[in-house]
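FYI, it's all coordinate maths here, none of it is from the lab. Computed from a prediction, not measured in an experiment: that's the story for all the values here. Using ideal geometry, Cβ is built from the backbone for each residue, glycine included, and neighbour counts are taken over all protein chains shown.
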Amino acid sequence: MQLFSKKFLRDNLVGLSLTLIGVLCLVFASVMYMGQRNYSDFVLAKGAGLDGPDINMLEQENKAYERIADEVTPAVVYIKSTQVVPVSQSPFAMDPFFRQFFGNMNPFGYGVPRNQIERALGSGFIVSSGGYILTNNHVIKNAKSIVVTLHDRRTFKAKVVGADPQTDLAVLKIDADHLPTVSLGNSSELHVGDIVMAFGSPFGLSFTVTRGTVSALGRPGMASAFQEFIQTDAPINPGNSGGPLVNVQGQVVGINTAIVSGQSGPGDQGSFLGIGFAIPINMARHVMEDLIKTGKVEQGYLGVEIGALTPGLAREFNVPDTSGALVQDVTPGSPAAKAGLKDGDVIRSVNGRKVRNQLQLTAVISNTDPGKTVQLGVLRHGKDMTVPVKLGQRPANLSPRAGHRQAPSQGALRGITVQNLTPQIRQQLGLSPDLTGVVITNLDPNSAAAVAGLQEGDVIERINHQPVHNVTEFDQLAAAAKGETLLRVNRQGEGLYVVISPGSDNGQ
């Protein structure tokens, strides 16, 4: 069948010819447009950029930061630690509804502990060409294996030389030598407003550098009173922990440790909000040297109960301002007692360095080597005096607040934390001035002492008929109390006897 007849073509030849010509013109125009579109008005911008003395100064500043980064980065390491933790196979393992059917039987293996691998990422920096690395304790805490990656991408298995949870510091060692190292600075020379750079591996993004300023100094530690943090706005995120905080001389002045965080980071790890904290390198150096030498940290001990100096107390003790720490009590036989310190003294300086508050005093004394003599600047009844004190070794179970004894870890008095009696505590509890003993400030509810009826606020006067005058004597008598133990206790002014049986607590 023909599509068009000859008559149709003859009658419409002119129209068909014009239509074909139009289509061809349209195709030609489209081709020309496609070949030229977006190029007729597209010209690359030209220009040499800004110049002048001010721009040159900024260029020199940039080159200085580049130089610092080039110098420090080779000594920064990326740390991966692995921890194996037991987990339950089933959420029904401890469900009472589930257990009422199966009792103590477990036919499907529900609740059988399985091992789960947890990984932590962090940073550190090489302090010795022989392979010693400084980092945070929380980066490697309970780790079964630790792998360190150097800037040149070499990896090494690391061992823990020593760790100190109270200061959140740890020292690692890798089997390598001739390594690049950092230069350690003097954190006491830092000032608010100084420019600093933070190195590390945030969120696993290895070998990152950020820049900011020192926002504040002497911030109290969030985990321990032994810490005295540098606050910075240099961006620090999870994974930066353990990395160096560096000054404009390229010297390490702090160790990136903590942040005030939001919850917008990868894996809900939290992210930087403009407030980061670093451990001062001066304190870290003391801890590091002790860990390398002995595997443990030796801390100075003064032997005083100290408190904040409020405006009212400052007026009462003739102190011109609230800087310093008020001595509320002195432990008998302590270095402070031997040096002649008295309650009511206000410690204003240590070795000429001004003491802002009691938290700073605790940090300074704790991070001074035992056996060293410190010069305390003291105000007594409004008069300035200097008191030299030869520091002792801080007892192992003394809490960060001087005069407080941490709970014994074993024995009949396990779970009891006590404090020396001070005039303020006597007034609070309504105790007579001649009452001697130590007050319970914290009590493990699962301990035998709690089962026997002891309470926070009770004053322990005697242990097994032996008088207790201070936390030192409590420590000695508590260590000897292994079996059934008799306590003489004062509760709200009333005396009573309490017998503690070690086997009656929920933890044994």
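Can you order the peptides 448-457, 63-72, 232-241 by their average number of other Cβ atoms within 10 Å per residue, highest first?
Working: 448-457: 17.7, 63-72: 14.6, 232-241: 25.2.
Most protected by this proxy first, the peptides run 232-241, 448-457, 63-72.
Quantify how much of the Cα-Cα distance distribution of the stretch 300-393 extends past 15 Å, in percent.
Values: 2321 of 4371 pairs.
The share of Cα pairs beyond 15 Å in the stretch 300-393 comes to 53 percent.
What ranking, highest mean first, results for peptides 355-363, 438-446, 369-377 when packing means the other Cβ atoms within 10 Å averaged over each residue? Don't skip to the end; give the middle numbers.
Details: 355-363: 21.7, 438-446: 17.7, 369-377: 15.2.
Top to bottom by mean Cβ count within 10 Å: 355-363, 438-446, 369-377.
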Checklist outcome for this item: Everything considered on the Cα gyration tensor (a ≥ b ≥ c; rounded for a/c under 1.5, else prolate if a/b is larger than b/c, else oblate), the stretch 404-504 must be described as prolate
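For the stretch 335-382, just say rounded, prolate or oblate: build the C-alpha gyration tensor, square-root its eigenvalues into a ≥ b ≥ c, call rounded for a/c under 1.5, and beyond that prolate if a/b exceeds b/c, oblate if not. Spell out each step's value before the answer.
Values: a/c = 1.78, a/b = 1.20, b/c = 1.49.
In terms of gyration-tensor shape, oblate.
For the stretch 113-217, just say rounded, prolate or oblate: build the C-alpha gyration tensor, square-root its eigenvalues into a ≥ b ≥ c, call rounded for a/c under 1.5, and beyond that prolate if a/b exceeds b/c, oblate if not.
Values: a/c = 1.74, a/b = 1.46, b/c = 1.19.
The shape class here is prolate.
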Checklist outcome for this item: Relative contact order of the stretch 300-393 (C-alpha contacts under 8 Å, at least 6 apart) in percent is 32 percent
